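Have a look at the structure below, then the notes.
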Amino acid sequence: MGATALVLAAGEGTRMKSDLPKVAHSILGVPMVNYVVDAAREAGCDRVVAVTGHGAEAVERLLSGVECVRQDRQLGTGHAVMCAREVLDDSGSLLVLSGDSPLIRAETIAALVAAREESGAAVGVLTAHLGDPTGYGRIVRDSDGGVCAIVEQNDCTHAQCAIDEVNTGTYCFDAAALFAHVDRLHTDNAQGEFYLTDMVSLFVAEGLGVIAIAVDDPLETLGVNSRVQLAEATKILQHRMNERHMLAGVTMTDPNLVWIGPRVEIGRDTEILPMTFLMGETHIGAGVTLGPDTRVIDSVVADSASVDSSIVIGSEVGPGATVGPVAYLRPGVVLGRKAKAGTCVEIKNSKVGEGSKVPHLSYIGDATIGADVNVGAGSITCNYDGFRKHETVIEDGAFIGSDTMLVAPIRIGAGAVTAAASAISRDVKPGSLAIERSDQREIEGWAVRRRAGGGAPKDGQTEREGE
Ligand code: UD1
Ligand code: CA
């Protein structure tokens, strides 16, 4: 498809009551405007241009790879198109999309372009029949049923308000016709803006063709103007994503309690339990179990792994590995095949080798752990000296006793053992035992005497050994 898409994204979005430009608000972790750009690309548009203005820097940062044109003062949708004129071709099809209508589908865009090109009309307007058309521009038809105008809500007569066919804000123009007449737009209306919608009556007056294409699914055209509509759009996209994954072989106990972003891939026979969020660029393998109460962001979870009641960010969970319950994998973790990050374990920027286990109550940071290592309960890497982070290396087959403090930088050799409750601050050779622990004392009968005395010794001092 040779069409160019122009995405209007310069408006402030006053009704959002936000410091963030409207189109930068996210749905399932992705800013609204990106959904529109992605749909245009997926429809086959060979060029996508965005008009930015309000909060332009913030919006342009979201649009890497998209050409942006500035509209310094937001004088209306018609004015936004005028601003982009200098960079656009004046022939072929020009799609105009609203950056605040994130539910639009690629197929709908492609069908609109095809219908306009077949008909030779100056514009094809995508319309929808809504139960409640409040807030949208209304499609006014003449007695023969032909479209003759779009009238904005604030400019509607009482009778026009009752029209249930609305303008979705998605158009395919014949660029030549558009640019031949766009200068004739005016601001003689309720909002004092240049309305792009007035192109319809201008074309009709010139005897040029105007066609309306009604969308099959009106949900697709929801414009997000308020936080209430943002939540509505989120719900609809949540449903759409979940349905796609379920139809592709993913089980969800309750799809109302699963949120999956648009850039997430999931393999077959994966099961997703309630209160699970999968966001960002995330790849989930086949036969994985996720949740309940789990967040996976910008991560890879390989086949047959499981993540229970945990958070995984910017990390890789290897095949058959297990995470949780209540583990926190922070950016840069690579958990090997069949490795384990267990209960109340935090790991950051570390590699945990194949079959190695960190089962309980540990903090592992900036570490490289080999294969088949066991890290006992409560063990931690002391990786930060208050100024810098230091590395810990634990070689294959080492056994870290419970409550070991590994004071980095440090290397524990292959097959070495550290004794429980040791603070290990010097490298340990392969095969050695490192123990750092004071001798145990035993005071015979002490507990019996204490109970007989009705509590602690009378002078408040602990009785000393041998006294
Ligand atoms: C617009 C349509 C309305 C339609 C509705 C569908 C006009 C005049 N009205 O109304 O018929 O039913 O969309 O959702 O077009 N924008 C700019 N520059 C501007 C003004 C707006 O880039 O100067 C952008 C906004 O960022 C937004 C889009 O254009 O992405 C639509 O603007 P908005 O103000 O939301 O128009 P609506 O009142 O919703
Ligand atoms: Ca809007």
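Filter segment 169-188 for residues that are among the small types (Gly, Ala, Ser) and farther than 17 Å from residue 47 by Cβ; which is surrounded by the fewest Cβ atoms within 10 Å (Cβ to Cβ)?
Top of the filtered list is 180.
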Item checked: Residue pairs meeting the criteria (Cβ under 6 Å; at least 6 apart or on separate chains; first of a type in the set (Gly, Ala, Ser), in segment 263-275; second modelled with pLDDT of 95 or more and in a loop (DSSP other than H, G, I, E, B)) -> 267/285; 267/286
Notebook entry, point to check: Looking only at segment 102-136, which residues are closer than 28 Å to residue 27 by Cβ, of a type outside the set (D, E, K, R) and assigned to a loop (DSSP other than H, G, I, E, B)?
Noted result: 102, 103, 104, 130, 131, 133, 134, 135, 136
Note to self: Let me confirm something: among 92, 145, which residue is surrounded by fewer than 24 Cβ atoms within 10 Å (Cβ to Cβ), in contact with a helix residue (DSSP H, G or I) (Cβ under 8 Å, 6 or more places away or on another chain) and of a type outside the set (Lys, Arg)?
What the structure shows: 92
Check: How many residues are assigned to a loop (DSSP other than H, G, I, E, B) and without any contact (Cβ under 8 Å) to a residue 40 or more places away in the chain if we restrict to segment 137-193?
Finding: 14
Margin query: Considering only segment 393-415, I want to know if a residue exists there that is farther than 21 Å from residue 359 by Cβ, in the same structural domain as residue 371 (by TED's automatic domain parsing), modelled with pLDDT of 95 or more and exposed (fewer than 15 other Cβ atoms within 10 Å of the Cβ).
Written below: no
Item checked: Tabulated pairs, segment 89-101, first farther than 11 Å from residue 3 by Cβ and assigned to a loop (DSSP other than H, G, I, E, B), second of a type outside the set (A, V, I, L, M) and away from ligand 1 (no atom under 16 Å from the Cβ), C-beta under 6 angstrom, 6+ apart or interchain -> 90/179
Notebook entry, point to check: Among 203, 277, 173, 179, which is outside the structural domain of residue 298 (by TED's automatic domain parsing) and more than 16 Å from ligand 1 (Cβ to nearest atom)?
Noted result: 179
Check: Among the strands (runs of 3 or more DSSP E) confined wholly to segment 205-303, which include 1 or more residues that are of a type in the set (Ser, Thr, Tyr) and either within 16 Å of ligand 2 (Cβ to nearest atom) or in contact with a strand residue (DSSP E or B) (Cβ under 7 Å, 6 or more places away or on another chain) (or both)?
Finding: 276-279, 282-284, 294-297
Checklist line | Residue that is farthest from residue 8 (Cα to Cα), among those in segment 22-56 that are within 15 Å of ligand 2 (Cβ to nearest atom) and of a type outside the set (Val, Ile, Thr) | finding: 25
Next item on the list: For segment 56-77, name all the residues that are buried (at least 20 other Cβ atoms within 10 Å of the Cβ) and either modelled with pLDDT under 95 or in contact with a Leu (Cβ under 7 Å, 6 or more places away or on another chain) (or both).
Entry: 77
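The values are calculated or read from the model by the stated rules, or taken from the named source; none is laboratory data. Note that the coordinates shown come from a computational prediction; the quantities given were computed from them, not determined experimentally. Every residue, glycine as well, gets a Cβ built from its backbone with ideal geometry; the counts of neighbours run over all protein chains shown.
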